[in-house]
Amino acid sequence: MNAKNIYSYPVLDISTYLDEFINQRKLFLKETRHSIDSDINNIKYEVNKVIDSYISLNKSSSSIINRLIKLINNFESLDEHDTKLIMYLKRYFELHRALYTEFDSKKKKLDATSQKNDINMLFTVSYLLQLMYTKTNDFNYLSTSIKINEFILTDFTLHELKDYPLVKYLINHELLIFEKL
Amino acid sequence: MKISNFGIILYPSTRSLAYLHMLSTNNILPKEAIVMGKWPFLPNDILLEAKKYSYAEKYFSLNDNLELLIKHKDINLSLIDSTDINSQEIREALSKAECKNFIFTGGGILKKEVLSLDIDFIHVHPGDINYYRGSTCFHYSYLNKQSVSCTTFIMRKELDRGEVLDISHIDQNIFIENDQSFFIDYIYDPFIRSISLKKLFPHLENLKKKKKIRINEFYGNDHYVIHPVLRSLFIKKINNSYRMNDKKGIYIIDA
(Lines give C-alpha, C1' and ligand atoms only; values in the text may rest on other atoms or scores of the structure.)
Protein backbone atom coordinates (compact mmCIF):
# COMPACT_ATOMS: atom_id res chain seq x y z
CA MET A 1 0.00 0.00 0.00
CA ASN A 2 1.67 3.14 -1.18
CA ALA A 3 0.57 6.55 0.08
CA LYS A 4 1.37 8.00 -3.33
CA ASN A 5 -1.37 5.80 -4.73
CA ILE A 6 -4.29 7.64 -6.14
CA TYR A 7 -7.10 6.61 -3.88
CA SER A 8 -9.87 6.80 -6.44
CA TYR A 9 -11.59 3.57 -7.27
CA PRO A 10 -8.91 0.95 -6.70
CA VAL A 11 -9.82 -2.63 -7.54
CA LEU A 12 -9.70 -4.27 -4.14
CA ASP A 13 -8.97 -7.78 -3.12
CA ILE A 14 -11.96 -7.75 -0.82
CA SER A 15 -10.98 -10.86 1.10
CA THR A 16 -7.56 -9.69 2.18
CA TYR A 17 -7.34 -5.88 2.07
CA LEU A 18 -8.60 -5.10 5.56
CA ASP A 19 -6.51 -7.80 7.24
CA GLU A 20 -3.42 -6.86 5.26
CA PHE A 21 -3.85 -3.24 6.27
CA ILE A 22 -4.08 -4.11 9.96
CA ASN A 23 -1.15 -6.54 9.73
CA GLN A 24 1.03 -3.88 8.12
CA ARG A 25 0.24 -1.45 10.93
CA LYS A 26 0.99 -4.13 13.52
CA LEU A 27 4.24 -4.93 11.75
CA PHE A 28 5.26 -1.28 11.94
CA LEU A 29 4.68 -1.26 15.71
CA LYS A 30 6.60 -4.50 16.08
CA GLU A 31 9.53 -3.19 14.05
CA THR A 32 9.63 0.00 16.08
CA ARG A 33 9.40 -2.06 19.28
CA HIS A 34 6.20 -0.49 20.46
CA SER A 35 4.00 -2.48 22.79
CA ILE A 36 0.42 -2.69 21.54
CA ASP A 37 -0.99 -3.29 25.01
CA SER A 38 -1.98 0.36 25.47
CA ASP A 39 -5.61 1.35 25.69
CA ILE A 40 -7.03 4.64 24.41
CA ASN A 41 -6.71 6.41 27.79
CA ASN A 42 -3.16 5.28 28.16
CA ILE A 43 -2.35 6.61 24.68
CA LYS A 44 -4.02 9.93 25.54
CA TYR A 45 -1.92 10.20 28.68
CA GLU A 46 1.33 9.39 26.87
CA VAL A 47 0.56 11.72 23.97
CA ASN A 48 -0.24 14.60 26.32
CA LYS A 49 3.00 14.00 28.20
CA VAL A 50 5.07 14.18 25.01
CA ILE A 51 3.29 17.19 23.56
CA ASP A 52 3.52 19.10 26.85
CA SER A 53 7.26 18.78 26.72
CA TYR A 54 7.17 19.87 23.06
CA ILE A 55 5.28 23.02 24.05
CA SER A 56 7.71 23.89 26.81
CA LEU A 57 10.61 23.53 24.38
CA ASN A 58 8.92 25.56 21.63
CA LYS A 59 7.19 28.26 23.65
CA SER A 60 8.31 31.10 21.44
CA SER A 61 7.55 29.34 18.18
CA SER A 62 4.93 30.92 15.93
CA SER A 63 4.10 27.56 14.42
CA ILE A 64 0.49 26.49 14.24
CA ILE A 65 1.56 23.23 15.89
CA ASN A 66 1.46 24.91 19.29
CA ARG A 67 -2.14 25.94 18.72
CA LEU A 68 -3.07 22.44 17.54
CA ILE A 69 -1.42 20.88 20.57
CA LYS A 70 -3.55 23.09 22.78
CA LEU A 71 -6.57 21.73 20.94
CA ILE A 72 -5.45 18.20 21.75
CA ASN A 73 -4.99 19.15 25.40
CA ASN A 74 -8.42 20.78 25.57
CA PHE A 75 -10.20 18.59 23.09
CA GLU A 76 -13.41 18.35 25.10
CA SER A 77 -13.96 22.09 24.84
CA LEU A 78 -13.39 22.74 21.14
CA ASP A 79 -15.35 25.68 19.79
CA GLU A 80 -16.67 26.35 16.29
CA HIS A 81 -13.46 28.11 15.21
CA ASP A 82 -11.33 25.20 16.36
CA THR A 83 -13.47 22.74 14.41
CA LYS A 84 -13.30 24.97 11.34
CA LEU A 85 -9.52 25.03 11.61
CA ILE A 86 -9.35 21.23 11.80
CA MET A 87 -11.67 20.96 8.79
CA TYR A 88 -9.50 23.44 6.90
CA LEU A 89 -6.35 21.42 7.59
CA LYS A 90 -8.16 18.20 6.65
CA ARG A 91 -9.23 19.70 3.35
CA TYR A 92 -5.77 21.12 2.75
CA PHE A 93 -4.14 17.73 3.12
CA GLU A 94 -6.72 16.06 0.86
CA LEU A 95 -6.13 18.63 -1.87
CA HIS A 96 -2.38 19.11 -1.63
CA ARG A 97 -1.02 16.00 0.10
CA ALA A 98 0.95 18.45 2.21
CA LEU A 99 0.75 20.46 5.42
CA TYR A 100 2.86 23.46 6.43
CA THR A 101 3.92 24.54 9.89
CA GLU A 102 2.95 28.23 9.68
CA PHE A 103 -0.52 29.71 9.39
CA ASP A 104 -0.96 33.14 7.87
CA SER A 105 -3.70 34.56 10.06
CA LYS A 106 -4.27 37.56 7.77
CA LYS A 107 -4.81 35.42 4.67
CA LYS A 108 -6.34 32.69 6.82
CA LYS A 109 -4.41 29.94 5.11
CA LEU A 110 -1.32 27.82 5.54
CA ASP A 111 1.88 29.54 4.54
CA ALA A 112 3.30 27.43 1.72
CA THR A 113 6.75 28.95 2.25
CA SER A 114 7.03 27.45 5.74
CA GLN A 115 8.22 23.94 6.57
CA LYS A 116 6.45 21.30 4.54
CA ASN A 117 5.27 18.01 6.04
CA ASP A 118 6.99 18.37 9.37
CA ILE A 119 6.39 15.17 11.32
CA ASN A 120 4.94 17.02 14.34
CA MET A 121 2.48 18.83 12.10
CA LEU A 122 1.38 15.63 10.38
CA PHE A 123 1.02 13.91 13.74
CA THR A 124 -1.04 16.67 15.38
CA VAL A 125 -3.49 16.95 12.49
CA SER A 126 -3.92 13.20 12.13
CA TYR A 127 -4.35 12.68 15.87
CA LEU A 128 -6.91 15.50 16.04
CA LEU A 129 -8.82 13.85 13.20
CA GLN A 130 -8.76 10.55 15.09
CA LEU A 131 -10.12 12.34 18.16
CA MET A 132 -12.80 13.95 16.00
CA TYR A 133 -13.75 10.51 14.70
CA THR A 134 -13.97 9.04 18.21
CA LYS A 135 -16.14 11.98 19.27
CA THR A 136 -18.52 11.98 16.28
CA ASN A 137 -18.22 8.51 14.67
CA ASP A 138 -17.94 10.34 11.36
CA PHE A 139 -15.74 8.35 8.99
CA ASN A 140 -14.95 11.50 7.04
CA TYR A 141 -12.37 12.36 9.72
CA LEU A 142 -11.01 8.84 9.95
CA SER A 143 -10.47 8.50 6.21
CA THR A 144 -8.18 11.55 6.05
CA SER A 145 -6.36 10.51 9.21
CA ILE A 146 -5.60 7.10 7.67
CA LYS A 147 -4.29 8.85 4.55
CA ILE A 148 -2.00 11.07 6.65
CA ASN A 149 -0.75 8.04 8.57
CA GLU A 150 -0.06 6.21 5.33
CA PHE A 151 1.80 9.28 4.10
CA ILE A 152 3.94 9.33 7.28
CA LEU A 153 4.75 5.61 7.05
CA THR A 154 5.79 5.99 3.42
CA ASP A 155 7.62 9.30 3.54
CA PHE A 156 9.68 8.70 6.66
CA THR A 157 12.06 5.78 7.12
CA LEU A 158 11.59 3.25 9.85
CA HIS A 159 14.87 4.49 11.28
CA GLU A 160 13.48 8.04 11.53
CA LEU A 161 10.24 6.87 13.10
CA LYS A 162 11.82 4.46 15.59
CA ASP A 163 12.76 7.27 17.95
CA TYR A 164 9.58 9.20 17.45
CA PRO A 165 7.05 7.88 19.96
CA LEU A 166 4.12 10.03 18.79
CA VAL A 167 3.78 8.22 15.48
CA LYS A 168 3.78 4.89 17.29
CA TYR A 169 0.93 6.10 19.49
CA LEU A 170 -0.87 7.41 16.43
CA ILE A 171 -0.73 4.02 14.71
CA ASN A 172 -1.58 2.23 17.93
CA HIS A 173 -4.58 4.53 18.33
CA GLU A 174 -5.66 3.78 14.76
CA LEU A 175 -5.47 0.04 15.44
CA LEU A 176 -7.61 0.45 18.55
CA ILE A 177 -10.19 2.33 16.47
CA PHE A 178 -10.21 -0.51 13.94
CA GLU A 179 -10.67 -3.08 16.70
CA LYS A 180 -13.99 -1.46 17.50
CA LEU A 181 -15.29 -1.32 13.92
CA MET B 1 -40.94 2.28 -27.23
CA LYS B 2 -41.73 5.95 -26.71
CA ILE B 3 -39.18 8.47 -27.95
CA SER B 4 -39.46 11.34 -25.47
CA ASN B 5 -38.39 14.91 -25.74
CA PHE B 6 -35.21 14.83 -23.68
CA GLY B 7 -31.57 14.09 -24.35
CA ILE B 8 -28.76 12.12 -22.80
CA ILE B 9 -25.01 12.61 -22.91
CA LEU B 10 -23.41 9.18 -22.81
CA TYR B 11 -19.98 9.02 -21.25
CA PRO B 12 -18.39 5.58 -21.84
CA SER B 13 -19.21 4.15 -18.42
CA THR B 14 -21.46 1.60 -16.80
CA ARG B 15 -23.49 4.53 -15.47
CA SER B 16 -24.56 5.25 -19.06
CA LEU B 17 -25.43 1.58 -19.53
CA ALA B 18 -27.44 1.51 -16.31
CA TYR B 19 -29.41 4.60 -17.34
CA LEU B 20 -30.05 3.29 -20.87
CA HIS B 21 -31.21 -0.02 -19.46
CA MET B 22 -33.55 1.68 -17.00
CA LEU B 23 -34.98 3.89 -19.73
CA SER B 24 -35.51 1.06 -22.22
CA THR B 25 -37.06 -1.31 -19.68
CA ASN B 26 -39.54 1.48 -18.96
CA ASN B 27 -40.21 1.88 -22.69
CA ILE B 28 -38.72 5.34 -22.97
CA LEU B 29 -35.79 6.48 -25.05
CA PRO B 30 -34.31 9.94 -25.55
CA LYS B 31 -34.88 11.96 -28.67
CA GLU B 32 -31.23 13.01 -28.71
CA ALA B 33 -28.10 11.20 -27.56
CA ILE B 34 -24.58 12.58 -27.58
CA VAL B 35 -22.15 9.68 -27.38
CA MET B 36 -18.70 10.46 -26.05
CA GLY B 37 -15.52 8.49 -26.74
CA LYS B 38 -15.16 5.01 -28.11
CA TRP B 39 -17.84 2.36 -27.73
CA PRO B 40 -17.79 -0.54 -26.90
CA PHE B 41 -15.52 0.23 -23.98
CA LEU B 42 -15.88 -2.44 -21.30
CA PRO B 43 -12.76 -4.47 -20.52
CA ASN B 44 -13.02 -8.22 -20.56
CA ASP B 45 -12.45 -8.73 -16.84
CA ILE B 46 -15.59 -6.75 -16.00
CA LEU B 47 -17.58 -8.73 -18.56
CA LEU B 48 -16.33 -12.01 -17.10
CA GLU B 49 -17.36 -10.95 -13.61
CA ALA B 50 -20.72 -9.74 -14.96
CA LYS B 51 -21.33 -13.10 -16.60
CA LYS B 52 -20.32 -15.08 -13.52
CA TYR B 53 -22.64 -13.10 -11.24
CA SER B 54 -25.49 -12.50 -13.73
CA TYR B 55 -25.32 -8.72 -13.41
CA ALA B 56 -27.43 -8.28 -16.56
CA GLU B 57 -30.29 -10.29 -15.08
CA LYS B 58 -30.04 -8.78 -11.61
CA TYR B 59 -29.15 -5.16 -12.37
CA PHE B 60 -28.65 -3.91 -15.93
CA SER B 61 -27.41 -4.99 -19.32
CA LEU B 62 -23.72 -4.47 -20.00
CA ASN B 63 -24.24 -4.40 -23.71
CA ASP B 64 -22.10 -1.45 -24.80
CA ASN B 65 -22.55 -1.57 -28.59
CA LEU B 66 -25.20 1.20 -28.73
CA GLU B 67 -27.49 -1.09 -30.71
CA LEU B 68 -30.42 0.03 -28.61
CA LEU B 69 -30.07 3.60 -29.90
CA ILE B 70 -28.83 2.88 -33.42
CA LYS B 71 -31.83 0.75 -34.32
CA HIS B 72 -34.23 3.62 -33.60
CA LYS B 73 -34.14 5.98 -36.53
CA ASP B 74 -36.03 8.65 -34.61
CA ILE B 75 -33.16 9.11 -32.19
CA ASN B 76 -30.72 11.82 -33.18
CA LEU B 77 -27.32 10.36 -32.41
CA SER B 78 -24.15 12.50 -32.27
CA LEU B 79 -20.85 10.67 -31.96
CA ILE B 80 -18.10 12.75 -30.37
CA ASP B 81 -14.48 11.60 -29.97
CA SER B 82 -13.86 13.64 -26.85
CA THR B 83 -14.64 12.32 -23.37
CA ASP B 84 -14.37 15.78 -21.86
CA ILE B 85 -17.79 17.20 -21.10
CA ASN B 86 -16.41 20.73 -21.48
CA SER B 87 -14.83 20.16 -24.89
CA GLN B 88 -15.74 22.38 -27.80
CA GLU B 89 -17.17 19.36 -29.67
CA ILE B 90 -19.66 18.70 -26.88
CA ARG B 91 -20.56 22.37 -26.58
CA GLU B 92 -21.23 22.52 -30.31
CA ALA B 93 -23.38 19.38 -30.20
CA LEU B 94 -25.34 20.76 -27.27
CA SER B 95 -25.86 24.15 -28.85
CA LYS B 96 -27.37 22.43 -31.90
CA ALA B 97 -29.62 20.23 -29.76
CA GLU B 98 -33.37 20.67 -29.76
CA CYS B 99 -33.97 19.18 -26.32
CA LYS B 100 -33.74 21.41 -23.28
CA ASN B 101 -33.23 18.64 -20.74
CA PHE B 102 -30.21 16.35 -20.87
CA ILE B 103 -29.30 13.51 -18.55
CA PHE B 104 -25.66 13.74 -17.50
CA THR B 105 -23.61 10.55 -17.08
CA GLY B 106 -20.12 11.87 -16.30
CA GLY B 107 -17.09 13.22 -18.09
CA GLY B 108 -15.91 15.86 -15.66
CA ILE B 109 -17.31 18.81 -13.81
CA LEU B 110 -19.44 21.04 -15.99
CA LYS B 111 -17.85 24.42 -16.51
CA LYS B 112 -19.51 27.79 -16.83
CA GLU B 113 -19.48 27.71 -20.66
CA VAL B 114 -21.57 24.53 -20.75
CA LEU B 115 -23.80 25.49 -17.84
CA SER B 116 -24.60 28.79 -19.47
CA LEU B 117 -26.20 27.00 -22.45
CA ASP B 118 -29.99 27.07 -22.32
CA ILE B 119 -30.11 23.44 -21.18
CA ASP B 120 -30.94 21.75 -17.88
CA PHE B 121 -28.45 19.01 -17.03
CA ILE B 122 -29.89 16.29 -14.81
CA HIS B 123 -27.45 14.58 -12.50
CA VAL B 124 -27.91 11.84 -9.93
CA HIS B 125 -25.52 12.21 -7.01
CA PRO B 126 -24.97 9.07 -4.88
CA GLY B 127 -25.71 10.76 -1.57
CA ASP B 128 -28.16 12.96 0.28
CA ILE B 129 -27.05 16.37 -0.89
CA ASN B 130 -28.05 17.88 2.45
CA TYR B 131 -25.16 16.12 4.10
CA TYR B 132 -22.80 14.52 1.64
CA ARG B 133 -20.72 15.82 -1.22
CA GLY B 134 -18.18 13.75 -3.15
CA SER B 135 -18.26 10.78 -5.47
CA THR B 136 -17.67 8.06 -2.88
CA CYS B 137 -20.08 9.52 -0.35
CA PHE B 138 -22.39 6.49 -0.19
CA HIS B 139 -19.56 4.61 1.50
CA TYR B 140 -19.43 7.31 4.16
CA SER B 141 -23.19 7.49 4.64
CA TYR B 142 -23.45 3.73 5.02
CA LEU B 143 -20.54 3.56 7.47
CA ASN B 144 -21.88 6.53 9.43
CA LYS B 145 -25.60 5.78 9.51
CA GLN B 146 -26.20 2.53 7.60
CA SER B 147 -28.01 4.56 4.97
CA VAL B 148 -27.56 5.15 1.26
CA SER B 149 -29.33 7.89 -0.67
CA CYS B 150 -29.28 9.49 -4.09
CA THR B 151 -30.15 13.06 -5.00
CA THR B 152 -31.43 13.91 -8.47
CA PHE B 153 -30.92 17.52 -9.34
CA ILE B 154 -30.36 20.05 -12.09
CA MET B 155 -26.74 21.04 -12.09
CA ARG B 156 -25.75 24.61 -11.51
CA LYS B 157 -22.38 26.31 -11.46
CA GLU B 158 -21.21 24.80 -8.19
CA LEU B 159 -20.33 21.13 -7.91
CA ASP B 160 -23.17 18.94 -6.60
CA ARG B 161 -25.44 21.93 -6.07
CA GLY B 162 -28.50 22.96 -7.95
CA GLU B 163 -32.24 22.56 -8.05
CA VAL B 164 -33.12 19.37 -6.21
CA LEU B 165 -35.74 17.23 -7.96
CA ASP B 166 -35.74 14.16 -5.74
CA ILE B 167 -33.95 12.47 -2.85
CA SER B 168 -34.24 8.67 -2.83
CA HIS B 169 -33.34 6.40 0.05
CA ILE B 170 -31.94 3.03 -0.81
CA ASP B 171 -31.65 -0.30 0.94
CA GLN B 172 -30.00 -3.50 -0.12
CA ASN B 173 -29.87 -7.11 0.82
CA ILE B 174 -26.84 -8.40 -1.03
CA PHE B 175 -23.76 -10.45 -0.32
CA ILE B 176 -20.63 -9.41 -2.18
CA GLU B 177 -18.27 -12.31 -2.87
CA ASN B 178 -14.50 -11.91 -2.64
CA ASP B 179 -13.99 -11.96 -6.40
CA GLN B 180 -16.65 -9.31 -7.14
CA SER B 181 -13.92 -6.69 -7.37
CA PHE B 182 -15.81 -4.48 -9.83
CA PHE B 183 -19.23 -4.73 -8.28
CA ILE B 184 -19.36 -1.60 -6.12
CA ASP B 185 -17.96 0.90 -8.62
CA TYR B 186 -19.25 -0.55 -11.86
CA ILE B 187 -22.61 -2.03 -10.86
CA TYR B 188 -23.81 -0.90 -7.42
CA ASP B 189 -23.00 2.80 -7.84
CA PRO B 190 -24.59 3.18 -11.33
CA PHE B 191 -27.50 0.96 -10.37
CA ILE B 192 -28.53 3.01 -7.33
CA ARG B 193 -28.35 6.14 -9.47
CA SER B 194 -30.47 4.51 -12.19
CA ILE B 195 -33.26 3.42 -9.86
CA SER B 196 -33.32 6.93 -8.43
CA LEU B 197 -33.42 8.46 -11.90
CA LYS B 198 -36.39 6.25 -12.76
CA LYS B 199 -38.56 8.28 -10.36
CA LEU B 200 -38.01 11.27 -12.62
CA PHE B 201 -39.08 9.57 -15.85
CA PRO B 202 -42.63 11.01 -15.83
CA HIS B 203 -41.12 14.50 -15.68
CA LEU B 204 -38.25 14.21 -18.14
CA GLU B 205 -40.02 16.08 -20.90
CA ASN B 206 -40.96 19.01 -18.71
CA LEU B 207 -38.86 19.51 -15.62
CA LYS B 208 -40.33 22.96 -15.02
CA LYS B 209 -43.55 21.35 -13.82
CA LYS B 210 -41.75 19.09 -11.37
CA LYS B 211 -41.94 20.38 -7.84
CA LYS B 212 -38.47 21.09 -6.49
CA ILE B 213 -37.24 20.14 -3.07
CA ARG B 214 -36.25 23.14 -1.06
CA ILE B 215 -32.78 22.95 0.41
CA ASN B 216 -32.62 25.74 2.95
CA GLU B 217 -29.03 25.42 3.86
CA PHE B 218 -26.47 23.32 2.10
CA TYR B 219 -24.47 22.02 5.03
CA GLY B 220 -23.00 18.85 3.60
CA ASN B 221 -19.26 18.60 4.03
CA ASP B 222 -16.88 17.64 1.27
CA HIS B 223 -16.21 13.93 1.40
CA TYR B 224 -12.99 13.21 -0.41
CA VAL B 225 -12.42 9.81 -2.01
CA ILE B 226 -12.61 7.35 0.82
CA HIS B 227 -9.53 5.39 1.84
CA PRO B 228 -9.55 1.84 0.38
CA VAL B 229 -9.50 0.25 3.82
CA LEU B 230 -12.82 1.95 4.57
CA ARG B 231 -14.17 0.81 1.20
CA SER B 232 -13.25 -2.66 2.29
CA LEU B 233 -14.99 -2.10 5.62
CA PHE B 234 -18.09 -0.84 3.79
CA ILE B 235 -18.30 -4.13 1.86
CA LYS B 236 -17.80 -6.10 5.06
CA LYS B 237 -20.66 -4.22 6.72
CA ILE B 238 -22.95 -4.68 3.71
CA ASN B 239 -22.21 -8.42 3.89
CA ASN B 240 -22.79 -8.49 7.66
CA SER B 241 -26.25 -7.03 7.12
CA TYR B 242 -27.17 -9.70 4.56
CA ARG B 243 -30.33 -11.60 5.49
CA MET B 244 -30.22 -14.93 3.72
CA ASN B 245 -33.94 -15.66 3.92
CA ASP B 246 -35.16 -12.23 2.82
CA LYS B 247 -35.65 -10.89 -0.67
CA LYS B 248 -32.31 -10.10 -2.29
CA GLY B 249 -31.57 -6.96 -4.25
CA ILE B 250 -31.07 -3.20 -4.19
CA TYR B 251 -34.20 -1.10 -3.99
CA ILE B 252 -35.67 2.26 -3.12
CA ILE B 253 -37.35 2.57 0.24
CA ASP B 254 -39.81 5.19 1.33
CA ALA B 255 -38.31 8.01 3.33
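Worth a mention:
- Complete set of residues in region B:149-185 that are within 14 Å of chain A (Cβ to nearest Cβ) and closer than 14 Å to B:Ile235 by Cα: B:Ile174, B:Phe175, B:Ile176, B:Glu177, B:Asn178, B:Asp179, B:Gln180, B:Ser181, B:Phe182, B:Phe183, B:Ile184, B:Asp185
Condition check ((1) buried (at least 17 other Cβ atoms within 10 Å of the Cβ); (2) within 14 Å of chain B (Cβ to nearest Cβ)) across all residues:
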site	(1), (2)
A:Lys108	no, no
A:Asp111	no, no
A:Ser114	yes, no
A:Val125	yes, no
A:Tyr141	yes, yes
A:Ile146	yes, yes
A:Glu160	no, no
A:His173	yes, no
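- Top-ranked residue of region B:103-148 - restricted to ones that are small (Gly, Ala, Ser) and assigned to a loop (DSSP other than H, G, I, E, B), ranked as farthest from the chain's Cα centre (by Cα): B:Ser116
- Exactly one residue among B:Ile250, B:Ile187 is of a type in the set (A, V, I, L, M), outside any helix (DSSP H, G or I) and touching a residue at least 60 places away in the same chain (Cβ under 8 Å), and that residue is B:Ile250.
- Unique residue being at positive phi and among the polar types (S, T, N, Q) when the list is B:Gln146, B:Gln180: B:Gln146
- If the condition is being on the phi < 0 side of the Ramachandran plot and outside any helix (DSSP H, G or I), then region B:55-71 contributes B:Tyr59, B:Phe60, B:Ser61, B:Leu62, B:Asn63, B:Asp64, B:Asn65, B:Lys71.
Every residue, every condition in (1) acidic (Asp, Glu); (2) surrounded by fewer than 16 Cβ atoms within 10 Å (Cβ to Cβ); (3) touching a residue at least 12 places away in the same chain (Cβ under 8 Å), yes or no:
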site	(1), (2), (3)
B:Ser61	no, no, yes
B:Glu67	yes, yes, no
B:Leu77	no, yes, yes
B:Gln88	no, yes, no
B:Glu98	yes, yes, yes
B:Phe102	no, no, yes
B:Glu113	yes, yes, yes
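- For region B:6-54, the tally of residues that are aromatic (Phe, Trp, Tyr) and part of a strand (DSSP E or B) stands at 1.
- Among residues that are in contact with a His (Cβ under 7 Å, 6 or more places away or on another chain), surrounded by 16 or more Cβ atoms within 10 Å (Cβ to Cβ) and in contact (Cβ under 8 Å) with a residue 40 or more places away in the chain, A:Lys168 is included.
- Test: residue in region A:3-10 that is at pLDDT below 90, at the interface with chain B (Cβ under 8 Å from one of its Cβ atoms), at positive phi and more than 17 Å from the chain's Cα centre (by Cα): yes
- Single residue of region A:39-78 satisfying the filter (in contact with a Leu (Cβ under 8 Å, 6 or more places away or on another chain) and not in a helix (DSSP H, G or I)) that is surrounded by the fewest Cβ atoms within 10 Å (Cβ to Cβ): A:Asp39
- Unique residue being surrounded by fewer than 18 Cβ atoms within 10 Å (Cβ to Cβ) and either away from chain B (no Cβ under 14 Å) or under 22 Å from B:Ser232 (Cα atoms) (or both) when the list is A:Arg91, A:Arg97, A:Arg33: A:Arg33
- In region B:143-159, the residues that are surrounded by fewer than 13 Cβ atoms within 10 Å (Cβ to Cβ) never reach a residue that is outside any strand (DSSP E or B) and at pLDDT 95 or above with C-beta atoms less than 7 angstrom apart, at least six apart or across chains.
- Condition check for A:Leu29: more than 15 Å from the chain's Cα centre (by Cα), of a type in the set (A, V, I, L, M) and modelled with pLDDT under 90: no
- Candidate set: region B:196-255, residues that are within 30 Å of A:Lys90 (Cβ to Cβ) and under 18 Å from the mean Cα position of the chain (by Cα); chosen: the one farthest from the other protein chains (Cβ to nearest Cβ): B:Ser196
- Scanning region B:177-193 for residues being under 13 Å from B:Gly249 (Cβ atoms) and either of a type in the set (Asp, Glu) or over 17 Å from the mean Cα position of the chain (by Cα) (or both) gives a total of 0.
The values are calculated or read from the model by the stated rules, or taken from the named source; none is laboratory data. On a predicted model such as this, the values are computed, not experimentally measured, just so you know. Neighbour counts run over all protein chains shown; Cβ positions are idealised from the backbone, glycine included.
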